[in-house]
Amino acid sequence: MEEKLSALYAAERARLHAAASRGRTGEYEAPVFGEGPLHPRLMLLGEAPGAEETRLGRPFVGKAGKNLNMLLALAGITRTCVYVTNAVKFRPTNVKAQSISNRPPSPTELAEGLPTLKDELRLVNPSVVATLGNTPLKALCLLGGRETLPIGSVHGRMLKFMIDGMPLCVFPLYHPASVIYNRSLLPLLEEDVTRLGSMLNEIKEA
Ligand code: URA
């Protein structure tokens, strides 16, 4: 299975290399792939890597990653037991004369990454996928052929998805970086992650 995942990531790298020549802005040539054990109880699915992730070639190792680690510790979840990945595997950027900044992936960029994400879900085969923010939730809704769910009304709840014959338990969370801009989300996020930790313990004990 690990070889199949390596082959999937190699194919995605080649696809992004080809897309880079189509005048897109983003770190298409330095994708960041998932890491962690196969068949975990939990997969964390973020939006796309940022600058620090791209520099180090690992997901969630920048500021958002620090918040994520804090939340996992609060819920008693060990990060090394979790598979961590992103819906879009490269850093989308806006490039101005003097600066490069992150931007959300465009609908086209998100759609183009969906086949790889679907295969990744099948190969990693987690018990639960926790989406971090709106973009990965939208990606799973697209894969499941359902309308986009607003995170404000579904966060902190276990949802059942069916993606191409594959049943999937999905637990939407706000993005760990969202609390940097909106401190009032922190208690909600802490409560949701704590509930997720308890649910995962029940899966372990079952
Ligand atoms: N934000 C994300 O969504 N993913 C990362 O890997 C880092 C920041």
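Looking at the stretch 162-185, is at least one residue part of a helix (DSSP H, G or I), within 16 Å of the ligand (Cβ to nearest atom) and modelled with pLDDT of 95 or more? No; the residues of the stretch 162-185 include none that is part of a helix (DSSP H, G or I), within 16 Å of the ligand (Cβ to nearest atom) and modelled with pLDDT of 95 or more.
Checking each residue of the stretch 42-51 against the condition of being touching a residue at least 40 places away in the same chain (Cβ under 8 Å) and assigned to a helix (DSSP H, G or I) gives at least one match.
Taking the criterion of being more than 12 Å from residue 75 (Cβ to Cβ) and either free of Cβ contacts under 8 Å to residues at least 60 places away in the same chain or not in a helix (DSSP H, G or I) (or both), the residues of the stretch 186-203 that qualify are 186, 187, 188, 202. Restricted to the stretch 74-111, and to residues there that are part of a strand (DSSP E or B) and in contact with a Pro (Cβ under 8 Å, 6 or more places away or on another chain), the residue that is surrounded by the most Cβ atoms within 10 Å (Cβ to Cβ) is 86.
Residues that are of a type in the set (Val, Ile, Thr), touching a residue at least 12 places away in the same chain (Cβ under 8 Å) and part of a loop (DSSP other than H, G, I, E, B) are absent from the stretch 61-72 altogether. In the set 49, 126, only one residue is within 14 Å of the ligand (Cβ to nearest atom) and surrounded by 16 or more Cβ atoms within 10 Å (Cβ to Cβ); that residue is 49.
The values are calculated or read from the model by the stated rules, or taken from the named source; none is laboratory data. In this text, all values refer to a predicted model and were calculated from it rather than measured experimentally. No Cβ is skipped: glycine too gets one built from the backbone with ideal geometry, and neighbour counts run over all protein chains shown.
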